[in-house]
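Here is the structure we will look at, set down as structure tokens.
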Amino acid sequence: MKKTYEYRAYPTTKQRKMFTVWLALLRSLYNQALAWRIEAYQAAGLTAKWTTQANALPDLKQESMA
């Protein structure tokens, strides 16, 4: 039997703002990856592999920093 634990977090206002920014960035990244998979499937009937998308992350990071 596995036990689980729950911990309540009480972030400060600054931390809440930071979490909001992180969530927005992660949502954007997820949507870009999903769009890439959909386009690949519609164009060639193929799915984009996870490793291909993971290897593209450094390039996406560079683009977002510019």
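The values are calculated or read from the model by the stated rules, or taken from the named source; none is laboratory data. In this text the structure is predicted, and so the values were computed from the model without any measurement. For neighbour counting, all protein chains shown are included, and Cβ atoms are generated from backbone atoms with ideal geometry for every residue, glycine included.
Criterion first (free of Cβ contacts under 8 Å to residues at least 40 places away in the same chain and either surrounded by 10 or more Cβ atoms within 10 Å (Cβ to Cβ) or among the hydroxyl-bearing types (Ser, Thr, Tyr) (or both)) does Ala56 satisfy it? For Ala56, the condition - free of Cβ contacts under 8 Å to residues at least 40 places away in the same chain and either surrounded by 10 or more Cβ atoms within 10 Å (Cβ to Cβ) or among the hydroxyl-bearing types (Ser, Thr, Tyr) (or both) - is met.
Between Ala56, Ala66, Ala48, the distinction of being of a type in the set (A, V, I, L, M, F, W, C), touching a Lys or Arg at 6+ places or on another chain (Cβ under 7 Å) and modelled with pLDDT under 90 belongs to Ala48 only.
Evaluated against (1) touching a residue at least 24 places away in the same chain (Cβ under 8 Å); (2) outside any helix (DSSP H, G or I), Arg8 falls short on exactly one condition, (1). Whether a residue is out of contact with any Pro (no Cβ under 6 Å at 6 or more places or on another chain), modelled with pLDDT of 90 or more, surrounded by 10 or more Cβ atoms within 10 Å (Cβ to Cβ) and of a type in the set (S, T, N, Q) was assessed, and Gln15 passes this test.
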